[in-house]
Amino acid sequence: MQVSSLNEVKIYSLSAGRSLPEWLSDRKKRALQKKDVDIRRRIELIQDFEMPTVSTKIKVSRDGQYIMAVGTYKPRVRCFDTYQLSQKFERCLDSEVVTFEILSDDYSKIVFLQCGRFVEFHSQHGHYYRTRIPKFGRDFSYHYPSCDLYFVGASSEVYRLNLEQGRFLNSLQTDASESNVCDINPVHFLFAMGTAEGKVECWDPRTRNRVGLLDCALSSVTADTEIEGLPSISALKFDGALNMAVGTSTGQVLLYDLRSSNPLIVKDHHYGLPIKSIQFQHQLDLIISADSRIIKMWNKDTGKIFTSMEPEHDINDVCLYPNSGMLMTANEAPKMNIYYIPVLGPAPKWCSFLDNLTEELEENPESTVYDDYKFVTRKDLENLGLAHLIGSSLLRAYMHGFFMDIRLYHKAKMMANPFAYEEYRREKIRQKIEETRAQRVQLKKLPKVNKELALKLIEEEGEEQQITRKRKQKNLPSLLKDDRFKVMFENPDFQVDEQSEEFRLLNPLVSKISEKRKRKLKILEELEAQGQEEEEEPEGKASDAESSESSDDEKGWVEEVRKQRKLLRQEEKLKRQERFKEDQQTLLKPQFFEIKEGEEFRSFKDSVKKQKLMKKTLEDRLKLEEKLGTLNVSDTTVGSKQATFKLKKSEQQRKQQEAEKRHRQERKTVRRSASHLKSRRGRGQLFH
């Protein structure tokens, strides 16, 4: 459970828990749930309270037992039973749902307005009937006394479908080109619709005549708001018999009394995003308005912010559970968020244990996403001596570094620097001692790092303070006391290297500028002491004198820069001579190169020939092969080219063939000698 607080209002996010890396397998996640107490203590209020990809709308039945949500992908509706704290059923649809309405007290009668101009009716068992309206619909409302459905959308007409007779009735003709939202007052059943032109038209369903028109676009423009384009109506909600809240596409919420054409209050979200949902909270007289980024709760009488919530993902819809402090949102993410705000009201009866649980919880900081893993860069791995683990399963590549197990990181850090804790402890003790010393009466002390720069700044500040006292001006803040530059006088890494080439070349110019500034300050002091006023003529004379002095200064620092350059050249020359002497003293050892197996070293010329051959084009190489006789290119009867070539034998194959040839020759000689001996023996027997 995640706890946040704004304006001393605690908000408990029941769907937020300790996050796990996405690349962990299900088996590892289950193992972590068994081992880790924090993961095991996550609150899953309703099991599988999510959609495959995105949830678009969410509503609660009038009896409070069922929560229904629609989303994608594939388009579907899911019903959750709060008494069982689990999903009751799921139904897939043919097209995406724009909005839906629960007509009965439970889930037995539902109407869906879909993208393809379809209106689909569902009963308790499932799909019941499907019809179509003439134009694309954007919203609809149900008129209970007459059983009429009022559809508004991309048309100037409001279509009426009577559910008792089962047929379409005469539509209402409006002055708007398109309508975005509509609502029916629950007390006197006044029908109101918000148009794309930023107007709200009110109709009486009994007489089917327009009884009022509000220009909300003009009223939403105030001195504090900046609006780009014409505001259209994006949300509409009645409260009681007389109040009505209107949300615009530019991020304003207007609260009206139906007896007046001027809004009682105009609340700006300051994000410039369309208002998605408006809800009324009667116990504390709050209005809950939401755009895609933030949910704001504010007092409907004063407009003062009560609290606000910014979920991680964009908001599509907000639903307030009746007579409780529970709030649910449909988001641009699979998981639907559940928030519990005890100040708004008690927990619902099906999760009354939340009241006892939240009383015991204390406000904790937000947890890190990867608590069991440490993010390290390649440089960190080299410092720890773990660079050889790159590519192994112990490191997981992510952005410009790697994730590694926090236990392995601590072990490696202890081995790399076993006295790190002692050094850290000494540093903390030193800081504590310095903090206690800072409370005592201090003398002007120079910092340990960049002492000369600090002394220079102190001297300049002292001179400037004297001038500002005489002129009765405010003192400028000191660089030494500024927290932004504090590290420059504490961290040794920021120490100015006066022997570096850049410093030695820039120092003459800086010193001349500081001297010039000091002279100018002295001149100003003398003028003030004499009581002379700053006029144009003396200024002209001083400027002439300054121009002559500046030309002399320029000559001086140019000569100084030249001297420094000469010195730098001489130093480089001496360094080169020292390196040359060291090279002469060192004995060069012969280097040996290993020849690959199966190859024979002939000369360095062969490698040079190979490199030259590889640089040639394919055409040149083919011509060379033709000359050597290893390649033959000829034309065929069809008109294409035919190439025959001989494969070059490797050195190992050549040696093997020579050995086989020698072996065959030896066998032949053996056979010949054997046959010769046999013939001689045969002749001897005949003579005998």
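Things worth noting here:
- Meeting the requirement of 3 or more residues that are modelled with pLDDT of 80 or more, under 30 Å from GLU459 (Cα atoms) and out of contact with any helix residue (DSSP H, G or I) (no Cβ under 6 Å at 6 or more places or on another chain), the helices (runs of 4 or more DSSP H) wholly within the stretch 361-446 are 420-438.
- Screening the stretch 188-251 for strands (runs of 3 or more DSSP E) wholly inside it with 2 or more residues that are in contact with a Cys (Cβ under 8 Å, 6 or more places away or on another chain), open to solvent by 60 Å² or more (accessible area, probe 1.4 Å) and in contact (Cβ under 8 Å) with a residue 12 or more places away in the chain returns the ranges 209-215.
- Residue pairs whose Cβ atoms lie under 9 Å apart, separated by 6 or more positions or on different chains, with the first residue in the stretch 600-628 and modelled with pLDDT under 75 and the second in a helix (DSSP H, G or I), are GLU600/GLU651; GLU600/LYS655.
- Those residues of the stretch 266-292 which are outside any strand (DSSP E or B), at pLDDT 90 or above and buried (at least 16 other Cβ atoms within 10 Å of the Cβ), in sequence order: LEU273, PRO274, ILE275, LYS276, ASP291, SER292
- Residue-level analysis places ASP405 among those that are in contact with a strand residue (DSSP E or B) (Cβ under 9 Å, 6 or more places away or on another chain), of a type in the set (Asp, Glu), surrounded by 14 or more Cβ atoms within 10 Å (Cβ to Cβ) and closer than 24 Å to LYS35 by Cα.
- Top-ranked residue of the stretch 343-359 - restricted to ones that are open to solvent by 50 Å² or more (accessible area, probe 1.4 Å) and assigned to a loop (DSSP other than H, G, I, E, B), ranked as farthest from ASP81 (Cα to Cα): VAL343
- Selected residue [more than 20 Å from ARG293 (Cα to Cα) and assigned by the TED database to the domain that holds VAL200] from LEU236, LEU255: LEU255
- Selection of the stretch 447-487 for residues being open to solvent by 100 Å² or more (accessible area, probe 1.4 Å), at pLDDT below 75 and closer than 28 Å to ASP497 by Cα yields LYS448, LYS451, GLU452, PRO477, LYS481.
- Qualifying residue in the stretch 169-182 (condition: closer than 26 Å to MET68 by Cα and in contact with a Phe, Trp or Tyr (Cβ under 8 Å, 6 or more places away or on another chain)): yes
- Options THR72, THR82, THR99: the member that is under 21 Å from MET328 (Cα atoms) and at pLDDT below 90: THR72
- Sole residue being in contact with a strand residue (DSSP E or B) (Cβ under 7 Å, 6 or more places away or on another chain), hydroxyl-bearing (Ser, Thr, Tyr) and without any contact (Cβ under 8 Å) to a residue 40 or more places away in the chain, chosen from SER55, SER61, SER95, SER108: SER95
- Identity of the residue in the stretch 107-147, closer than 16 Å to ASN180 by Cα and of a type in the set (Lys, Arg), that ends up surrounded by the most Cβ atoms within 10 Å (Cβ to Cβ): ARG138
- Check on ASP317, modelled with pLDDT of 90 or more, under 33 Å from the mean Cα position of the chain (by Cα) and not aliphatic (A, V, I, L, M): yes
The values are calculated or read from the model by the stated rules, or taken from the named source; none is laboratory data. Predicted, not measured: the structure shown is a model, and the values here were computed from it. Backbone-built Cβ (ideal geometry, glycine too); neighbour counts: all protein chains shown. Note: areas computed on protein heavy atoms with side chains; ligands, DNA, RNA excluded. Shrake-Rupley method; radii C 1.70, N 1.55, O 1.52, S 1.80 Å.
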